[in-house]
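A.B. asks: What follows is a single structure, and I will ask about it in a moment.
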Amino acid sequence: MGEKLVGYMGRDQWGNTFHIGNNPPRKWLCDHLCRQHVEKMFIDKTDGTVAHIGYIIAGHWIRLYEVKAFERND
C-alpha cells in the first residue's frame, strides 16, 4: 500500500529547516529566498547512478525530503 505524500521539507548545510508543505519545492524555495536562479544538486549512488536530491539557491545547499503520512496500529 502506498504512503500518502503530505508535502516537502528541506534542510540546508547549516541545519536551517524549510517547511515547504504541499507546494512545488523549487518555486517555493525561490520565492522564499527571493531568487530566480537555481542549480540542481545531485548525489552519487553506490550502484554508479546519480540522483537529484535538492537545489543550490542563494548559497544554500538545500536537500529535499518527502513528508509522508503514517498510521500507527496499536
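Taken together, the values in this text are just the output of simple stated rules run on the coordinates, not laboratory data. Nothing here was measured: the structure is a model prediction, and the numbers come from that model. All Cβ positions, glycine included, derive from the backbone under ideal geometry; neighbour counts span all protein chains shown.
A.B. asks: Could you please give the count of residues in the stretch 8-35 that are of a type in the set (Lys, Arg) and closer than 22 Å to Ala69 by Cα?
C.D. replies: 2
A.B. asks: I've got another one for you. Within the stretch 32-74, count every residue that is acidic (Asp, Glu) and within 20 Å of Arg11 (Cβ to Cβ).
C.D. replies: So the answer is 3.
A.B. asks: Looking at the stretch 21-56 only, could you name the residues that are under 12 Å from the mean Cα position of the chain (by Cα) and touching a residue at least 24 places away in the same chain (Cβ under 8 Å)?
C.D. replies: Pro25, Arg26, Leu29, Gly54, Tyr55
A.B. asks: Against the condition loosely packed, with under 14 Cβ neighbours inside 10 Å and assigned to a strand (DSSP E or B), how does Lys40 come out, does it pass?
C.D. replies: Judged against the criteria, Lys40 is a match.
A.B. asks: Please go through the stretch 6-37 and give me each residue that is of a type in the set (Phe, Trp, Tyr) and either surrounded by 11 or more Cβ atoms within 10 Å (Cβ to Cβ) or part of a strand (DSSP E or B) (or both), ordered by number. Let's see the steps before the verdict.
C.D. replies: First, the residues of the stretch 6-37 that are of a type in the set (Phe, Trp, Tyr): 8, 14, 18, 28.
Matches in the stretch 6-37: Tyr8, Phe18, Trp28.
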